[in-house]
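Below is one structure, written out as structure tokens, with a few remarks after it.
The values are calculated or read from the model by the stated rules, or taken from the named source; none is laboratory data. Since this is a predicted model, take the numbers as computed values, not measurements. Counting neighbours? That spans all protein chains shown, and the Cβs are built from the backbone with ideal geometry, glycine included.
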């Protein structure tokens, strides 16, 4: 009995980080899954507080694709402390068990991966990064839906990894570790997207993107080798699916998708012409009556040191005979392209904003609103350049054309030090505008789909702040420098993105 509340009924598995039990919560009279962590972890002086903090944060997650964390605590017996985590009991199989029968149909694999991305998008919006996504941490329930498990301990484990292993390698499974985890660098939500790409690769081909004779060999490949596109191992897969996986497997986090939602959208678009969503009746059924609980599935495919699976766990059922896979329709013809980017004639709201900026910049260039230096010529050049760049990237066009427009507005604004002086509340307003400008610029740089709107906001907030702090002739020079720097930065980012997509 743990904490005088949880009766351990049946051991369901054991791994390097702890033991999984099916248990009964006598207070609420329900079946739960309890993961007791190893005594070695309990001896870490800072682990218990970190473990409890992360588990309580994970308990705030409320999503159908996330296995719920019910409770966290520690039990003291014979002078030793045993931390434990109480979670929702999920009946079904882990995807690692499902993969014992071979790769999944493409539509099934994409459907499950999209469900995982939905769950991660929810956790990332709550500032919780899983850090250990793998088939053993995704449950396939009886109705064929996916649940991501083991939220609440991944971060706490990674924070004590150096002391536990004697190396700089974070806790995790080598086949799914992102390069930044292997290097001991900072991780963020894009670390999870790398692991999701490894997961999808294995669901489609039956093997992760990197394999080797030892964990060190696999980790070296994560750092230095290019992954094999899934279509080379399974030729019927569409090339668009390769592109999604390879982008998410980019060594540099900046080259991956900016969010789980963005990756899900790209994945859906990549297979939309070829596959329809998988009906629940056609999904791979979960084995019954055996059940594997919420914690990390404890089987050899988990990669980390693990004990043998319990002998009572039956082999996965093969289920009904699978219907023949539909032959994918030919991939849609891509839009006309200019090397290395694409010229796309497709009206969007962002494009309309860029076009409006072109018109306003042209008007400003002819109206002599600002008579300092070469501003009129710069505004005219920006209008022309924006109209040309609009054929390639609406975001880049917004970065070019809205600068002169915002500068003209800043000139006529009342927030100028010459009129207001250094009164504290005006200084605070200008500082806040500068902070907002920095955030908008970062958002515009990272958002490949609608970053133009953030860039428009950047120009208005940044130049208004500049006109307060630089109330002299230097502010027009600062504007020219900003216009050039932002154009080069956004242009380089767009070029890299388009080049990757073309490849």
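Applying a threshold of 7 Å to beta carbon distances and a minimum spacing of six or more residues, or different chains, the list of pairs starting in the stretch 173-185 at a residue that is free of Cβ contacts under 8 Å to residues at least 40 places away in the same chain and ending at one that is assigned to a loop (DSSP other than H, G, I, E, B) reads 184/168; 184/169; 184/170.
Have a look at 465, 457, 438 and point out the one that is surrounded by fewer than 16 Cβ atoms within 10 Å (Cβ to Cβ), in the same structural domain as residue 404 (by TED's automatic domain parsing) and part of a helix (DSSP H, G or I).
When all the criteria are applied, what remains is 438.
Evaluating residue 114 against the criteria (1) part of a strand (DSSP E or B); (2) modelled with pLDDT of 90 or more; (3) surrounded by fewer than 24 Cβ atoms within 10 Å (Cβ to Cβ) leaves one unmet condition, (1). Taking the stretch 6-17 as the range and being at pLDDT 75 or above, within 21 Å of residue 136 (Cα to Cα) and either under 33 Å from the mean Cα position of the chain (by Cα) or buried (at least 16 other Cβ atoms within 10 Å of the Cβ) (or both) as the test, only 12 passes. With respect to the conditions (1) more than 25 Å from the chain's Cα centre (by Cα); (2) in contact (Cβ under 8 Å) with a residue 12 or more places away in the chain, residue 111 falls short on a single one, namely (1). Quick one: what pairs do we get from the stretch 479-490, first residue under 15 Å from residue 410 (Cα atoms), second assigned to a helix (DSSP H, G or I), C-beta under 6 Å, 6+ apart or different chains? Pairs that qualify, where the first residue is under 15 Å from residue 410 (Cα atoms) and the partner is assigned to a helix (DSSP H, G or I), are 479/407; 483/403. Annotation: of all residues in the stretch 50-90 being more than 24 Å from the chain's Cα centre (by Cα) and in a loop (DSSP other than H, G, I, E, B), the one that is nearest to residue 145 (Cα to Cα) is 90. Evaluation of residue 459 against the conditions (1) in contact (Cβ under 8 Å) with a residue 24 or more places away in the chain; (2) touching a helix residue (DSSP H, G or I) at 6+ places or on another chain (Cβ under 6 Å); (3) closer than 19 Å to residue 253 by Cβ shows that the sole unmet condition is (3).
Is at least one residue of the stretch 44-54 at pLDDT 90 or above and crowded, with 23+ Cβ neighbours inside 10 Å? No, every residue in the stretch 44-54 fails to be at pLDDT 90 or above and crowded, with 23+ Cβ neighbours inside 10 Å.
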